[in-house]
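Worksheet: the structure to be examined is printed underneath.
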Amino acid sequence: MKLDKILKSSDERYLPMALFDFNDLTKKLRLPSIIEKEAIGIYKKVHKKKITGRTTKIMISACIYAAIRNSPDVSRTLLEIERASNFKKKSIQTCYRRINRELELETGLPDPKQKLGKISNSLNLSPIKTELVKRTARKILDDAKKRAVMGGKNPNGFAAAAVYLACKIHKVSQTQREIANAADITELIVRQRKNELKKFII
């Protein structure tokens, strides 16, 4: 992303060094440029409101997380951001919550269906099996959403459980541990969410 498209006034002289960090982290996370642009926009607002209390790099990580949370198409977990940034997810989340509160961002929990592609693609299935699993998992999640089962809970758990159940339906051999690893969650969460979703299997 070119600096001259972002730096529009002398008041933004603080940005150049931050932009390198934004670019580096978004590349590590393989995020599209639209997320980087959105995150930089949030960072500008943070700087304008003089929101402090964390290091610049943690603030950058939190702004990227905020941009992801605001996107209907892109999904990354806090754990993924922790690994890419080398900052504890608790610090990033604390900073994100402050940004969210101060700027009144309209963000919410991502749709679990956003997670299906990443989890399914990590299982090394054939293209046909991968598509079957995703389609069935999507149907399970749609039915669960209609009955307001998933409100306020971690979307990773529901996505992983739906993929596990879809694998069982299509006789694809995948353990709860393998799917938990693909989703960056524990087997216990997969098991708990699986029990909640089983009733939506037709």
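Could you tell me whether VAL190 is under 24 Å from ILE81 (Cα atoms), out of contact with any Gly (no Cβ under 6 Å at 6 or more places or on another chain) and outside the structural domain of GLU82 (by TED's automatic domain parsing)?
In short, yes.
From ARG54, ARG76, grab the single residue that is among the basic types (Lys, Arg), part of a loop (DSSP other than H, G, I, E, B) and within 22 Å of ALA162 (Cα to Cα).
Step by step, each of ARG54, ARG76 is checked, and only ARG76 is among the basic types (Lys, Arg), part of a loop (DSSP other than H, G, I, E, B) and within 22 Å of ALA162 (Cα to Cα).
Among the residues in region 12-31, are any at pLDDT 90 or above, closer than 19 Å to LYS118 by Cα and loosely packed, with under 13 Cβ neighbours inside 10 Å?
yes
Run VAL149 past the list (1) among the aliphatic types (A, V, I, L, M); (2) farther than 17 Å from GLN192 by Cα; (3) surrounded by fewer than 17 Cβ atoms within 10 Å (Cβ to Cβ) and report the number of the one that doesn't hold.
It fails just one condition, (2).
Residue check: is ARG98 under 26 Å from THR52 (Cβ atoms) and charged (D, E, K, R)?
Judged against the criteria, ARG98 is a match.
Among residues belonging to region 93-108 that are in contact with a Lys or Arg (Cβ under 9 Å, 6 or more places away or on another chain) and in a helix (DSSP H, G or I), point out the one that is surrounded by the most Cβ atoms within 10 Å (Cβ to Cβ).
The residue in question is TYR96.
Among what's in region 42-65 and is farther than 12 Å from GLU102 by Cβ and basic (Lys, Arg), pick the residue that is nearest to the chain's Cα centre (by Cα).
Ranking the qualifying residues of region 42-65, first place goes to LYS57.
In the set GLU131, GLU104, which member is closer than 23 Å to VAL74 by Cβ and out of contact with any helix residue (DSSP H, G or I) (no Cβ under 9 Å at 6 or more places or on another chain)?
Answer to the selection: GLU104.
Tell me the helices (runs of 4 or more DSSP H) entirely within region 109-176 that contain at least 1 residues that are of a type in the set (S, T, N, Q) and at pLDDT 90 or above.
Fully inside region 109-176 and qualifying: 113-121, 127-146.
The values are calculated or read from the model by the stated rules, or taken from the named source; none is laboratory data. Everything numeric in this text was worked out from a predicted model, so none of it was measured. Cβ sites come from the backbone with ideal geometry, for glycine too, and all protein chains shown count toward neighbours.
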